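Here's the structure, in structure tokens; my notes come after.
The values are calculated or read from the model by the stated rules, or taken from the named source; none is laboratory data. What you are looking at is a predicted structure, and each value in this text was computed from that prediction instead of being measured. Backbone-built Cβ (ideal geometry, glycine too); neighbour counts: all protein chains shown.
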Ligand SMILES: Cc1cc2nc3c(=O)[nH]c(=O)nc-3n(C[C@H](O)[C@H](O)[C@H](O)COP(=O)(O)OP(=O)(O)OC[C@H]3O[C@@H](n4cnc5c(N)ncnc54)[C@H](O)[C@@H]3O)c2cc1C
């Protein structure tokens with residue numbers, strides 16, 4: 001590598017953060033609070049362009065996750081810290097609570113399991129009769145329900161804007177439109193290779209411009225590209241990111257009265273996602289979804305968004321076939337629901353009768369970055385791996401937006417350890 005550029009600032013410790021989603025931004029802020037000079041690099045021209053800006057906007061209470069896991073601990077603490085941050089910064093949020101509804105007797109065991117998990121994780125949740133459930137959601141149909149008090153909704157893009165302001169206020173810098181293409185650990189730091197369309201670096205044959213940045217450490221929060229960036233930085237991740245698209249509809253305004261806040265089904269324990277649900281959005285409207293289908297590109301937001309190379313990589317990963325074999329029934333139902341608005345509406349009307357295909361308007365989709373092992377098992381928990389002076393987030397799916405401030409503190413502690421070592 002040629003002589004790398006260094007930061008403009010003068011502080012003793014300098015760290016590059018990759019990714020302008022909520023995890024990267026929260027981490028950049030946390031590092032600034034440790035007195036570390038930060039340079040955040042994001043390949044898109046805006047912040048929160050992928051998972052963070054395309055999610056359900058829910059502050060999860062910590063109900064679903066294995067007791068003692070990072071997800072459980074950080075969601076429970078993260079819900080409190082993100083509400084507090086929203087209050088401090090005047091960001092729109094509402095701790096409105098949610099209902100999980102058992103639609104028939106076959107779901108009662110699953111509901112009881114969730115109630116038990118809530119107790120184990122210290123999440124306030126109360127079992128309700130159908131009459132009590134209808135005091136919260138008058139149009140819901142159920143045989144029993146769980147009311148979860150600490151769930152809520154929030155404007156995550158606004159959280160990101162506030163985090164970015166905090167980073168800049170602490171002397172950090174955010175560079176948009178800059179992709180990290182690799183990194184090399186050196187005995188005293190890291191050299192980070194970047195590519196940008198803007199002027200200011202050495203030209204490559206494609207007309208793109210490259211630059212190297214020297215830092216004391218690197219933190220990578222690259223979401224859907226976490227494994228790719230890790231591999232380009234010299235790691236061999238044990239799991240691949242497989243992109244699962246979640247499609248949404250919005251209830252027609254004249255039907256929005258059918259849902260007050262959030263209504264979720266009892267999740268199918270054999271299937272790794274929560275099932276389509278109804279969610280009030282913080283700036284109005286009721287979202288329905290997301291389903292879960294394989295995206296044909298990592299940032300593929302419709303069936304027409306295809307990248308043959310990326311699709312080939314997903315299909316070449318044995319874990320995807322193992323997962324598919326184990327989930328043939330639910331997987332096929334998800335595809336059917338993606339192709340048929342009527343099927344989508346049918347799933348919703350199990351929760352709230354009367355929702356018809358005609359009541360649904362298409363809304364933007366999101367793509368989940370889910371790490372999948374070779375044997376087809378999903379990496380359940382958040383996963384962070386260090387490699388020399390690099391810290392890589394290799395799995396940060398839901399509830400990572402809720403837990404972002406906690407994940408950030410965890411990563412800042414890892415950076416301190418790396419710098420001290
Ligand atoms: C459909 C859906 C619904 C969800 N609902 C919820 C919810 O309600 N509540 C909740 O808590 N969580 C939810 N989640 C999960 C949550 O959105 C994610 O866990 C969280 O946003 C992850 O943040 P991130 O910063 O890791 O990733 P991202 O937001 O994806 O950010 C990663 C960033 O890295 C950038 N990047 C990638 N490669 C490079 C590179 N080489 N160089 C520079 N930049 C790069 C990308 O452009 C991107 O901006 C949902 C997710 C989805 C997809």
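All conditions but one from (1) in a helix (DSSP H, G or I); (2) at pLDDT below 95 apply to residue 157; the one that does not is (2).
Kindly indicate whether residue 356 is in the same structural domain as residue 19 (by TED's automatic domain parsing), surrounded by fewer than 17 Cβ atoms within 10 Å (Cβ to Cβ) and more than 22 Å from residue 223 (Cβ to Cβ). It is false that residue 356 is in the same structural domain as residue 19 (by TED's automatic domain parsing), surrounded by fewer than 17 Cβ atoms within 10 Å (Cβ to Cβ) and more than 22 Å from residue 223 (Cβ to Cβ). When residue 123 is evaluated against the numbered criteria (1) assigned to a helix (DSSP H, G or I); (2) in contact with a helix residue (DSSP H, G or I) (Cβ under 9 Å, 6 or more places away or on another chain); (3) surrounded by 23 or more Cβ atoms within 10 Å (Cβ to Cβ), which criterion, by number, is the only one it fails? Answer for residue 123: the failing condition is (1). Apart from one condition, residue 185 fits all of (1) more than 16 Å from the ligand (Cβ to nearest atom); (2) at pLDDT 95 or above; (3) outside any helix (DSSP H, G or I); the exception is (2). In the stretch 211-244, of all residues being more than 10 Å from the ligand (Cβ to nearest atom) and free of Cβ contacts under 8 Å to residues at least 40 places away in the same chain, the one that is nearest to the chain's Cα centre (by Cα) corresponds to 231.
Can you confirm whether residue 172 is touching a helix residue (DSSP H, G or I) at 6+ places or on another chain (Cβ under 6 Å), under 15 Å from residue 42 (Cα atoms) and either away from the ligand (no atom under 15 Å from the Cβ) or at pLDDT below 95 (or both)? So residue 172 passes the test. Each residue in the stretch 149-164 was checked for being within 21 Å of the chain's Cα centre (by Cα) and more than 9 Å from the ligand (Cβ to nearest atom), and 11 of them qualify.
On inspection, residue 112 passes the criterion of being more than 24 Å from the chain's Cα centre (by Cα), modelled with pLDDT of 95 or more and either at positive phi or in a helix (DSSP H, G or I) (or both).
For (1) within 15 Å of the ligand (Cβ to nearest atom); (2) touching a helix residue (DSSP H, G or I) at 6+ places or on another chain (Cβ under 9 Å), each residue gets a yes or a no:
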{"residue": "18", "(1), (2)": "yes, yes"}
{"residue": "33", "(1), (2)": "no, yes"}
{"residue": "44", "(1), (2)": "yes, no"}
{"residue": "50", "(1), (2)": "yes, yes"}
{"residue": "83", "(1), (2)": "yes, no"}
{"residue": "86", "(1), (2)": "yes, yes"}
